[in-house]
1. I'm checking my understanding of the structure. Among residues of region 214-226 that are more than 14 Å from TYR242 (Cα to Cα) and over 15 Å from the mean Cα position of the chain (by Cα), which one is surrounded by the most Cβ atoms within 10 Å (Cβ to Cβ)?
2. Only one of these is of a type in the set (Val, Ile, Thr), within 22 Å of ILE154 (Cα to Cα) and crowded, with 20+ Cβ neighbours inside 10 Å: ILE38, ILE10. Name it.
3. TYR17: buried (at least 18 other Cβ atoms within 10 Å of the Cβ), farther than 20 Å from TYR114 by Cβ, in contact with a Phe, Trp or Tyr (Cβ under 7 Å, 6 or more places away or on another chain) and among the hydroxyl-bearing types (Ser, Thr, Tyr), yes or no?
4. Do we find a residue being outside any helix (DSSP H, G or I), without any contact (Cβ under 8 Å) to a residue 24 or more places away in the chain and under 21 Å from ALA145 (Cβ atoms) anywhere in region 214-222?
5. Among all residue pairs at least 6 apart or on different chains, which show Cβ distances below 6 Å where the first residue, located in region 165-178, is under 24 Å from ASP193 (Cα atoms) and the second is of a type in the set (Ser, Thr, Tyr) and in a loop (DSSP other than H, G, I, E, B)?
6. When residues of region 91-140 are filtered for being surrounded by 16 or more Cβ atoms within 10 Å (Cβ to Cβ), among the aliphatic types (A, V, I, L, M) and closer than 21 Å to ILE67 by Cβ, how many remain?
7. Among (1) surrounded by fewer than 20 Cβ atoms within 10 Å (Cβ to Cβ); (2) more than 27 Å from ASN232 (Cβ to Cβ); (3) touching a strand residue (DSSP E or B) at 6+ places or on another chain (Cβ under 9 Å); (4) small (Gly, Ala, Ser), where does SER75 come up short?
8. Would you pick out the residues in region 126-146 that are outside any loop (DSSP other than H, G, I, E, B), out of contact with any Lys or Arg (no Cβ under 9 Å at 6 or more places or on another chain) and of a type in the set (Ser, Thr, Tyr)?
Amino acid sequence: MKIYYFGGTIDMVDMLYENGFDGNLFLAGIKNDDFVKIGRHMDISKNFKYMVAIRAYLISPQYLSMICSSINEISNNKIEINLLSGWTKEEEKHVGGIMGDVNDLSPQIDKSNYMIEFLEVMNNMKTLHKPKTYVSCTNEFTFAAAKKHKEHVILPYSRYKTGQYDIEKSKTIISIGPIFKDYEDNRNIDINDAPYDSEFFTKESFASFLDKLDNDGFDGILLYGWPIETENARIIEFVKEYKNKN
């Protein structure tokens, strides 16, 4: 089972690889690393995946496939795509530069519907090799579209816990933000203040959770840290310990 880091930069890849991570999700946004920078600094000698998040309304399916095909041709298929409907940061809302009816200011339902249509178009292309795509599924409609096209998915931990989706485990990555109770300063954290898919674990119980996902045949797990100031470093430390034991 693969372990991905959420939101690292290209400058962090060597460190993540040395600490046992199998890939990194590069976040979408005007201030984040783009395909050019990632492709320029990619280390093709490492067994490491570069998953790039992209908001569907920012690019055409055809051009996205062309970019990925070009990079994968020289990198032994190390580029993957995380397709999402798109949550826009405050500083991005009025940048502009997007043509079409859906943009950064559109309602979330319009963005989701656009992504569903994007998947339909991308899977109906006749001549191009479609990149390996993980669809972020935050509602039943985007999940149904991903399932229809037999796409890989990223499923939030909260959705995994409900068991409401008929998931194909070998094509599913679970995203979660573990908060380790082993540290004294974490014991006073109010879980209601944490991101929605955070949960308290001990290192031991989280290792058992990863073992269960692995034994159940899940494709991978995507880890983020909150609070960022402490938990990112602790997650990296945990993954190194976990991989060394396994």
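The values are calculated or read from the model by the stated rules, or taken from the named source; none is laboratory data. Given the structure is predicted, the values throughout are model-derived calculations rather than measurements. We place every Cβ from the backbone using ideal geometry, glycine too, and count neighbours over all the protein chains shown.
1. The qualifying residue surrounded by the most Cβ atoms within 10 Å (Cβ to Cβ) is TRP226.
2. ILE38
3. When the stated conditions are applied, TYR17 does not pass them.
4. no
5. What qualifies is GLY177/TYR224.
6. Count: 5.
7. That leaves (2) as the condition not met.
8. Passing the criteria: THR133, SER136, THR142.
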